[in-house]
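The values are calculated or read from the model by the stated rules, or taken from the named source; none is laboratory data. Remember, predicted model here, so these are calculated numbers, not experimental data. Cβ: placed from backbone, ideal geometry, glycine included. Neighbour counts: every protein chain shown.
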Amino acid sequence: MSVVEQYARAHIVTDADQVDEERTAVPVVLRYDPDSDPRSVRVGLPDRHEWTFSRNLLEQGLRAPAGTGEVRVWPCGRVQAIVEFHSAHGVSVVQFESKTLLRFLRRTYTATAAKASATSRQQTVSH
């Protein structure tokens with residue numbers, strides 16, 4: 001089964017004064033590996049840090065605030081979503097377009113369905 005990998009652009013939200021160049025979108029990588037961990041998604045930020053958290057949390061957070069630990073997700077208006085990452089080094093607040101995250105989630109469920117179908121066919125051939 002192949003890994004779902006989607007490149008996206010997001011904004012790192014900060015309260016510090018920024019020049020215009022710093023307000024531009026940054027590259028982010030969304031990953032899902034159904035063979036490694038079918039219940040989790042990974043988000044790779046520009047600082048090379050990758051966060052792993054529940055796919056269900058991402059889905060729930062697109063509809064209403066979700067999460068209480070290191071990762072929190074919530075809708076921001078009608079077309080954006082916020083993913084907040086907490087660590088010992090501080091908090092990273094990342095703003096995505098909701099449609100980007102929805103497209104990624106659809107691809108993860110398609111990959112899961114394809115894996116289940118392939119497993120079912122293999123079991124049928126084995127018997």
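Some points to look at:
- Enumeration of residues in the range 68-99 that are among the small types (Gly, Ala, Ser) and modelled with pLDDT under 95: GLY69, GLY77, SER87, ALA88, GLY90, SER92
- Candidates ARG72, ARG103, ARG48: the one that is of a type in the set (D, E, K, R) and without any contact (Cβ under 8 Å) to a residue 12 or more places away in the chain is ARG48.
- Among the candidates THR112, THR119, residue that is surrounded by 16 or more Cβ atoms within 10 Å (Cβ to Cβ), β-branched (Val, Ile, Thr), outside any strand (DSSP E or B) and modelled with pLDDT under 95: THR112
- Residue among VAL43, VAL83, VAL79, VAL73 that alone is surrounded by fewer than 17 Cβ atoms within 10 Å (Cβ to Cβ) and hydrophobic (A, V, I, L, M, F, W, C): VAL79
- The set of residues in the range 45-66 that are farther than 16 Å from SER98 by Cα, modelled with pLDDT of 95 or more and not polar (S, T, N, Q) contains only PHE53.
- Among residues of the range 72-98 being aliphatic (A, V, I, L, M) and in a strand (DSSP E or B), the one that is nearest to PRO46 (Cα to Cα) is VAL94.
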